[in-house]
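Undergrad: Dropping a structure here in structure tokens format, bear with me for questions.
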Amino acid sequence: MGLLSALLAGDEADLPPSLPCGATVEKLAAGVWMIAPAQLGGRPLVISAGIHGDETAPVEVLCELADALVRGELCVRVPLLLAFGNLAALRAGRRYLDDDLNRLFAGATGAPGSRERPRAQALLAARAAFADRFGAALHLDLHSAIRASIYECFAVAPSRGACLTPELHALLAACGIEAVMLAGDAAPTFSALSVRAHGGEAFTFELGRVRKLGEGAATEFEATAACLRALVSAAPLPPARATPITFRVSREIIKASDAFRLNLPPDAPNFTGFAPGALIAEDGDARWMAGAGERIVFPNPGVKPGLRAGVLVVADSASDS
Ligand SMILES: [Zn+2]
């Protein structure tokens, strides 16, 4: 049985304690494994998927990678943490059960009795245990977007630096990432937690569209899958297609009340732009008007009041060339 079937069957899903190429495996929590290579070295790597339970294609990609490790088709040559996020929501085919798990990594614990609350705690503990043992890592948190995107595969970088290093740009390009959004590290997301609490680098990857389990890993992120295999086995990265365009967050739209209205068609893709001065959203007396070059990412008027209903970004002029 492959890992995906095992994960869907229950929390007992496990990997063998050692892999064919000599790496040792330790289960830290349901759906979370810390893998130490036979020879220690290389940049520690965290790969997570399924933080949102309906974003199944990245889960399938990560399960296929784990199955390849177990069969000995791929050898782990770096310290590796494999983490499958919201298992209960994955089994239910839902984004989350009570609270958006990717909003629970910055102190907020969710409502009392929330089923995501203990899951966030388990992931935080596992991430800390990996950092304690192996130090700063590269963390790639794999998602699919709810809506179409002008850039089909893009990354959110909760980066402390003012810009990405050429090495990280090359990594993103090799992974098939077409745009990257520099977002600071204050967000309550799993990737931002990694940067804030454990150093190193982290990205949230948004890979294509949400689709149903079993519809298969989309061809649109074959480049990402190849990149993950290269990183895990410390092999050269696959050739890059194009350098990703860099965007900076100009502001966030926080929904204050149920009167919130977003002035955007429901099927508008991520990175949709506005004419300067256009009305983007309103909430009672509050209005958001577009500044020059602003585009919207993650528009979601259906979030609970108090949460983010969209992010406005502008292209980084330094990367226009
Ligand atoms: Zn997601």
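Undergrad: Please calculate how many Å² of accessible area the chain carries per residue, with a 1.4 Å probe and no DNA, RNA or ligand atoms counted. Show your work: numbers first, answer last.
TA: Working: 13160 Å² over 321 residues.
Each residue of the chain exposes 41 Å² on average to a 1.4 Å probe.
Undergrad: Could you size up the charge dipole of region 226-282 around its Cα centre, putting +1 on the beta carbon of Lys and Arg and -1 on that of Asp and Glu, and report it in debye to the nearest 20? Kindly include the intermediate steps, with their values, before the conclusion.
TA: Values: 6 positive and 4 negative charges, 57 e Å.
Charge dipole, region 226-282, about its Cα centre: 280 debye, nearest 20.
Undergrad: Shifting gears a bit: Only bridges with both residues in the chain count here: give the DSSP antiparallel percent, nearest 5.
TA: Working: 32 of 58 bridges.
Given both bridge residues lie in the chain, the antiparallel proportion sits at roughly 55 percent.
Undergrad: A follow-up question, please. Calculate one ³J(HN,Hα) per residue across region 233-239 by plugging θ = phi - 60° into the Karplus curve 6.51 cos²θ - 1.76 cosθ + 1.60, and present them in order as whole Hz with x for glycine and proline.
TA: 9, 6, 9, x, 5, x, x
Undergrad: Exposed loop trypsin sites (Lys or Arg not before Pro) only (DSSP loop, at most 14 other Cβ atoms within 10 Å): please give the longest stretch of the chain free of them, not including the sites. Please report the intermediate quantities before stating the final value.
TA: On the way: sites that count: 94, 160, 212, 241.
The segment 1-93 is the longest one with no such site.
Undergrad: Follow-up question, since we're still on this one. Rounded to the nearest 20 Debye, what is the dipole magnitude of region 249-319 about its Cα centre when Lys and Arg each give +1 and Asp and Glu each give -1 at the C-beta?
TA: Working: 7 positive and 8 negative charges, 19 e Å.
About 80 debye.
Undergrad: Hey, can you rank 262-269, 185-192 by average C-beta count inside 10 Å, highest first?
TA: 185-192, 262-269
Undergrad: Let me ask another. What is region 1-56 by shape, rounded, prolate or oblate, if you read a ≥ b ≥ c off the alpha carbon gyration tensor as root eigenvalues and call it rounded for a/c under 1.5, prolate for a/b larger than b/c, and oblate otherwise?
TA: Note, shape of region 1-56 comes out oblate.
Undergrad: If you don't mind, another one. Once amide H atoms are placed 1.01 Å from N in the peptide plane, what residues at a sequence separation of 5 or more from residue 28, or on another chain, have their amide H within under 5 Å of its amide H?
TA: 33, 34
Undergrad: Can I ask one more? For residue 153, what accessible area in Å² do you get when you roll a 1.4 Å probe over the heavy atoms of the protein chains, rounding to the nearest 10?
TA: Roll a 1.4 Å probe over it and residue 153 shows about 0 Å².
Undergrad: Looking at 153, 76, 195, which one has the Cα that reaches farthest to the positive end of the dipole of region 3-232 (charges on Cβ: Lys, Arg +1; Asp, Glu -1)?
TA: Selected residue: 195.
Undergrad: Binned at 5 Å from 0, what are the whole-percent values of the Cα-Cα distance distribution for region 87-169, short to long?
TA: 3, 10, 16, 19, 20, 17, 10, 4, 0
Undergrad: Of all the accessible heavy-atom surface of region 1-142, with the other protein chains kept in place and a 1.4 Å probe, what percent is carbon and sulfur? Kindly include the intermediate steps, with their values, before the conclusion.
TA: Details: 2700 of 5270 Å².
Here it works out to 51 percent.
Undergrad: Under the rule of at least 5 residues apart or a separate chain, name every residue whose amide H is placed under 5 Å from the amide H of residue 270.
TA: Residues meeting the criterion, in which the H sits 1.01 Å from N, are 148, 149, 150.
Undergrad: Separation between the residue 43 and residue 11 pseudo-spin-labels, each 7 Å from Cα along Cα→Cβ, expressed in nm?
TA: 3.4
Undergrad: Cα gyration tensor of region 3-232, axes a ≥ b ≥ c as square roots of the eigenvalues: rounded (a/c below 1.5), prolate (a/b > b/c) or oblate?
TA: In terms of gyration-tensor shape, rounded.
Undergrad: For 60, 222, give me the order by solvent-accessible area with a 1.4 Å probe, most accessible first, ignoring ligands, DNA and RNA.
TA: 222, 60
Undergrad: If each of residue 132 and residue 278 carries a label point 7 Å out from its Cα toward its Cβ, how far apart are those two points in nm?
TA: About 5.1 nm, to one decimal.
Undergrad: Near the amide H of residue 254, under 5 Å away, which other amide H atoms are found, from residues 5 or more places off or on another chain, if H is placed in the peptide plane?
TA: Correct list: 309.
Undergrad: For the chain, what is the charge dipole size about the Cα centre, in debye to the nearest 20, if Lys and Arg each add +1 at the Cβ and Asp and Glu each add -1 at the Cβ?
TA: 360
The values are calculated or read from the model by the stated rules, or taken from the named source; none is laboratory data. Remember, predicted model here, so these are calculated numbers, not experimental data. Every residue, glycine as well, gets a Cβ built from its backbone with ideal geometry; the counts of neighbours run over all protein chains shown. Each accessible area value is taken on the protein alone, full model and side chains, heavy atoms only, with ligands, DNA and RNA left out. Shrake-Rupley method; radii C 1.70, N 1.55, O 1.52, S 1.80 Å.
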